[in-house]
1. I need two numbers for the range 3-88: Rg to one decimal and Dmax as a whole number, Cα atoms only, in Å.
2. Consider just the alpha-carbon atoms of the range 242-308 and return their Rg together with their Dmax, both in angstrom.
3. Kindly provide the GluC sites (Glu not before Pro) of the range 2-74 that DSSP labels as loop, not H, G, I, E or B, and whose Cβ sees at most 14 other Cβ atoms within 10 Å.
4. With just the Cα atoms of the range 134-174, tell me how far they stretch along each of the three principal axes, in Å, largest first.
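What follows is calculated from the coordinates using simple rules that are stated; it is not laboratory data. The structure presented is a predicted model; accordingly, all values stated were derived computationally and were not measured. Cβ coordinates were reconstructed from backbone atoms using ideal geometry, including for glycine residues, and neighbour counts include every protein chain displayed.
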Amino acid sequence: MPKPLPPNQYLPETRWHTAYEKCLNLEILPATPQRTPSLQMCARVLGYMMLEAPLPAGRDNVSNEIVDCADAEALRRLARLYMDTFVYRLIRAAKGRTPASSNHPSRPSFDNIKETFKYLLEDAPRDHRTVTQLALIRDNFRCIVTGIHDKACCLKMPELNRMINAQQLPVTGTQAAHIFPESTSQGISEMNEQGRKVRLLFSYSFTFHARSHVQSKFSLSLFSYSLALNNKPIDNQSNVNVVAELNGSDIHRLENVMTLSLNLHEMFGNLEIWFEETPTAHRYRIRGIDPMLVEGLPEFVEFTSTDPALPLPEPRYLRLHAACAKVAHLSGAGEYIDTVFRDIEEMPVLANNGASADALSYALLRRGDIAVF
């Protein structure tokens, strides 16, 4: 369930305090009929963006955007823009996914693991099929959360089959879960004179087309993030830049993929569960929007690779996914977009009183026409 913004804990007379106070004031304004999302939800989207910013520089960017908004309607448009560009895109990919069963023909036969491994690394195209097979090898043919083996691999690999049957272990269907789904990189470019650069979360960058009535002063920087541990940089690449790292076939890089059971894949894609980083490298606490979603799962998981040549899921990508999930959950934006998706599927015709505006705008987003109202 959405949660009200907590009290303002930022130091008075700072930009953070001013920006967060605007969010608190927006949250208590009366509802405006026929204007959705509500001002209350928009206030929470912006407020939780500030609270979830990984570093002070990111909070600066969000605060600047909020302070620059002249009135409640400008704040609503800014929040809606962020909802459209990061919450919607991630959830849309999950809703539009056609789950492949675990006996999908893309599953490898693995008659000779060494030969398959060599081919996948050196000769195979970078696509969904290849990264699925590499992830299975890296993750030891198991869901990385539950540790339960992939059913199709157990049926096809005699040695694995014998071990599973001898120990009477369970099996399950699995899928290759992209941290950033393929649709998040579609149609992006470094520069487009008709578009606007959006720096999202960890400088998660892409260009999108916005309606002309959106204020041009919005630089749309959310959570600019320099990768650091104890304030010490741990690599030279401080930003997650979708164009540079995940555009085109690079969306299928192994660092962006995990082997998950079918139900965990669905919840991960819907921003219902996420991986919370711990001080130990590649060790995560599993979090969910409701305790029942993580009931029976291990509290912590530690990612390991069967081979040093097969990199683990990238922590920066998982941080971004976790931030998106928390903002969507705490603000109510995820629940709101779920409702809009249901309206799109169930509404036979558009209402003539404007009540279908959100369903229409998100339907246009599905087609690639970004609209901000």
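1. Over the range 3-88's Cα set, Rg and Dmax evaluate to 12.0, 37 Å.
2. Spelled out, the Cα radius of gyration and Dmax of the range 242-308 are 13.7, 38 Å.
3. E13
4. Projected onto the principal axes, the Cα atoms of the range 134-174 cover 24, 18, 14 Å.
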